[in-house]
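S.K.: Before I ask anything, let me first share the structure, which is written out below as structure tokens.
Nothing in this text is a laboratory measurement; each read-out follows from the coordinates by a stated rule. Everything numeric here is computed off the predicted structure, so don't read it as measured data. All Cβ positions, even for glycine, are placed from backbone atoms using ideal geometry, and neighbour counts span all protein chains on display.
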Amino acid sequence: QVQLVESGGGLVQAGGSLRLSCAASGRTFSSYTMGWFRQAPGKEREFVAASRWSDSNTYYADSVKGRFTISRDNAKKTVYLQMNSLKPEDTAVYYCAASLRGGPYTYWGQGTQVTVSS
């Protein structure tokens, strides 16, 4: 069982930066691929970024490539999402999720709101 708690959301002007954190419980954090997803009002949830469990390779949605960086600290059981050059269209609730050894994302956090003003 894994519990995920996100933090770091807030209100920022366009062009600004935020860093989201997701702290996980459990003893096998390193066995989980960690992902960030987001859901804007009236839209479906979409993939943002992921850090693979086996080699920490990273993957990004085209819309955030070059602006967002996912990283993880297995010792702290925490995954981060550094978001730079934020745009109003990045406004959404951001969710952290965990996938055991690359399977389906089974565990989800409660989400943290990111609002980017123009």
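S.K.: Taking a cut-off of 25 Å between Cα atoms, list the lysines near LYS43, but don't count ones fewer than 8 places away on the same chain.
M.R.: LYS65, LYS87
S.K.: In vacuo Debye scattering of the chain, one point per C-alpha: log10 I(q)/I(0) at q = 0.11, 0.12, 0.13 Å⁻¹?
M.R.: With one equal scatterer per Cα and no solvent, log10 I(q)/I(0) is -0.31, -0.37, -0.44.
S.K.: Given +1 on the Cβ of Lys and Arg, -1 on the Cβ of Asp and Glu, and no further charges, what dipole in debye does the chain carry about its Cα centre, rounded to the nearest 20?
M.R.: 260
S.K.: Next up: With unit charges on the beta carbons (Lys and Arg positive, Asp and Glu negative) and the dipole taken about the Cα centre of the chain, which residue among LEU86, GLY42, SER118 sits farthest to the positive side?
M.R.: So the residue we want is LEU86.
S.K.: Additional query: Below 19 Å, Cα to Cα, which aspartates and glutamates can LYS77 reach? Residues fewer than 8 away in the same chain don't count.
M.R.: The reachable aspartates and glutamates, counting only those whose Cα sits under 19 Å from LYS77, are GLU6, ASP55.
S.K.: Here's another thing I want to ask about it. May I ask for the net charge around GLY102, where only other residues with Cβ less than 12 Å from the Cβ of GLY102 are counted and Lys, Arg are +1 while Asp, Glu are -1? Don't skip to the answer; put the middle values down first.
M.R.: Working: positive: ARG52, ARG101; negative: ASP55.
Within the 12 Å Cβ shell, the charges total +1.
S.K.: Now for a separate question. Rg to Rh for the stretch 28-81: what is it, with Cα atoms only and Rh by Kirkwood?
M.R.: Taking Rh as the inverse mean 1/r over Cα pairs, Rg/Rh reads 1.01.
S.K.: Let me check I've understood the local charge: for GLU89, count other residues with C-beta under 12 angstrom from its C-beta, Lys and Arg +1, Asp and Glu -1. What total comes out?
M.R.: Residues near GLU89 contribute +2 overall.
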